[in-house]
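The values are calculated or read from the model by the stated rules, or taken from the named source; none is laboratory data. All of these numbers come straight from a predicted model, not from anything done at the bench. So basically every Cβ, Gly included, is an ideal-geometry build from the backbone, and we count neighbours across all protein chains shown. Just so you know, the surface numbers come from the protein's heavy atoms only, side chains and all, with ligands and any DNA or RNA stripped out. Shrake-Rupley method; radii C 1.70, N 1.55, O 1.52, S 1.80 Å.
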Amino acid sequence: MDVEFDQKHLWHPYTNLNQPTPVQAVDRAEGVYLYLQDGTRVIDAMSSWWCCIHGYNHPVLNQAVTEQLGKMSHVMFGGLTHRPAIELGKKLLEITDESLDAVFFADSGSVAVEVAMKMAAQYCFEQGETEKKQFITFAKGYHGDTFGAMSVCDPVTGMHHKFNKLLNKHIFIDSPQCGFNDAWQDQCLDEFKCVLKQHHDKTIAVIFEPIVQGAGGMNFYSPEYLKEVRHLCDQYDVLLIFDEIATGFGRTGKLFAYEHAAVVPDILCLGKALTGGYMTLSAVLCNQKVAKGISTNFMHGPTFMANPLACAVALASINLLLESNWQARIESMAKQMTSELGELIGLPHVKDVRVLGAIAVVELFSDNNCDWQAFQSQTAAEGVWVRPFMNMIYIMPPFIIEPSELTHITKTLTKIIKRLPC
Ligand SMILES: *Cc1c(COP(=O)(O)O)cnc(C)c1O
């Protein structure tokens, strides 16, 4: 493989071409393993950024793609439809709350967020709420890299501060401070309550990631918070958008994170694990209120909308998940990660170790002096692929991982984290 060409000419996520970040060359992948060009293999503890919940090269998913490939890989969705889109749409409405009633297929998570924001805005404008022009969101949030999505990412940790002056200004409130298992305290909600009371007549929607704030800070917060937010949004008649692009499809121990709180958003964004990591696809679901409230054309229509290959593999991935004993698996992954990472608690440089569902986070007090590049090479040499960011080492392995493989990840991380200088 011409990695030299790659380093000179190919951009990778969040890098520049003047000082290219070193890359590992992957030849193929199977189960939880990435097989590298140098003949070694690493366990993918990241599930390729939340996506590959069933692992790689899965026969059932391969078959779904191959079968669809023999029929048609793509056809425009403007004026045409097809079985994969219809069956996937039905399935998504079946497995989400019964109030969700309509589906918009988009290309990626970021685009789903754009679509959700446009949908909410058009709904408001058509209700005569033409004064509305902003969103309320939370610090430590991450919603993607396109302009609309960037504008609701944390302005500091959200990676997009360089573009701040080009972004529409929305309202940020502190990230939820009450942890997932903490006893609920009403004051956690004070700021949100106050901001919504003051700004509701200008607010199109509240948008945030339910239960787990992902790439903006790996914060796990109380379901009570969601309940109260839903209640207040109803009270002030403000739409609620949940971005479940990272949390959807079992990752937090429930099929969707909003189930922890038994509340439902008006608009729901799905992506990442939707296709089991096979292809890029996202979906925006909304309730009848929003769908029926939009009576002029909704002007969004990606070229690859509802791509049949992606829809077919998504449907197969969801069925595979539902037919597996995913809840028990994730519960036992949570138990195992909690106990095996437990010995890191109390180390002078470790601030917190937390686990929710199939996600584990080791948060350090600071990332000063941490060389994550070196950290990654060390873990890769031990057969584990991770990608720490800020002051956090986090893992979300495929659900099919064997206990012994998971132990290999936690043992490797524990050993290397103990040695960290920071
Ligand atoms: C990854 C992510 C996105 C963006 O999805 P892309 O497919 O990378 O555009 C949006 N929201 C959340 C919560 C995510 O984790």
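What the table below lists for this structure:
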{"quantity": "Residue list for region 237-250, filter: more than 10 Å from the ligand (Cβ to nearest atom), open to solvent by less than 10 Å² (accessible area, probe 1.4 Å) and not aromatic (Phe, Trp, Tyr)", "calculated": "Val238, Leu239, Leu240, Ile241, Gly250"}
{"quantity": "Qualifying positions in region 316-339 - under 22 Å from Thr407 (Cβ atoms) and surrounded by fewer than 19 Cβ atoms within 10 Å (Cβ to Cβ)", "calculated": "Ser324, Asn325, Gln327, Ala328, Arg329, Glu331, Ser332, Ala334, Lys335, Gln336, Thr338, Ser339"}
{"quantity": "Within region 344-369, tally of residues that are free of Cβ contacts under 8 Å to residues at least 24 places away in the same chain, open to solvent by 70 Å² or more (accessible area, probe 1.4 Å) and in contact with an Asp or Glu (Cβ under 9 Å, 6 or more places away or on another chain)", "calculated": "1"}
{"quantity": "Cβ-Cβ under 8 Å pairs, at least 6 apart or on other chains, region 48-77 side under 11 Å from Thr275 (Cβ atoms), far side among the aromatic types (Phe, Trp, Tyr) and open to solvent by less than 50 Å² (accessible area, probe 1.4 Å)", "calculated": "Ile53/Phe249; Ile53/Phe399; His54/Phe399"}
{"quantity": "Residue identified as at pLDDT below 95, open to solvent by 10 Å² or more (accessible area, probe 1.4 Å) and more than 26 Å from Asp182 (Cα to Cα) among Gln378, Gln373", "calculated": "Gln373"}
{"quantity": "Subset of region 391-418 (residues that are surrounded by 17 or more Cβ atoms within 10 Å (Cβ to Cβ) and in a loop (DSSP other than H, G, I, E, B))", "calculated": "Asn391, Met396, Pro397, Pro398, Phe399, Ile400, Ile401"}
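Residue by residue, here is whether (1) outside the structural domain of Met76 (by TED's automatic domain parsing); (2) buried (at least 24 other Cβ atoms within 10 Å of the Cβ); (3) assigned to a strand (DSSP E or B) holds:
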residue	(1), (2), (3)
Thr280	no, no, no
Leu285	no, yes, yes
Gly301	no, no, no
Met305	no, no, no
Ala314	no, yes, no
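Here is a yes/no grid of residues against (1) assigned to a loop (DSSP other than H, G, I, E, B); (2) over 15 Å from Val206 (Cα atoms); (3) within 16 Å of the ligand (Cβ to nearest atom):
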{"position": "Ser110", "(1), (2), (3)": "no, yes, yes"}
{"position": "Thr137", "(1), (2), (3)": "no, no, yes"}
{"position": "Ala149", "(1), (2), (3)": "no, no, yes"}
{"position": "Val152", "(1), (2), (3)": "yes, no, yes"}
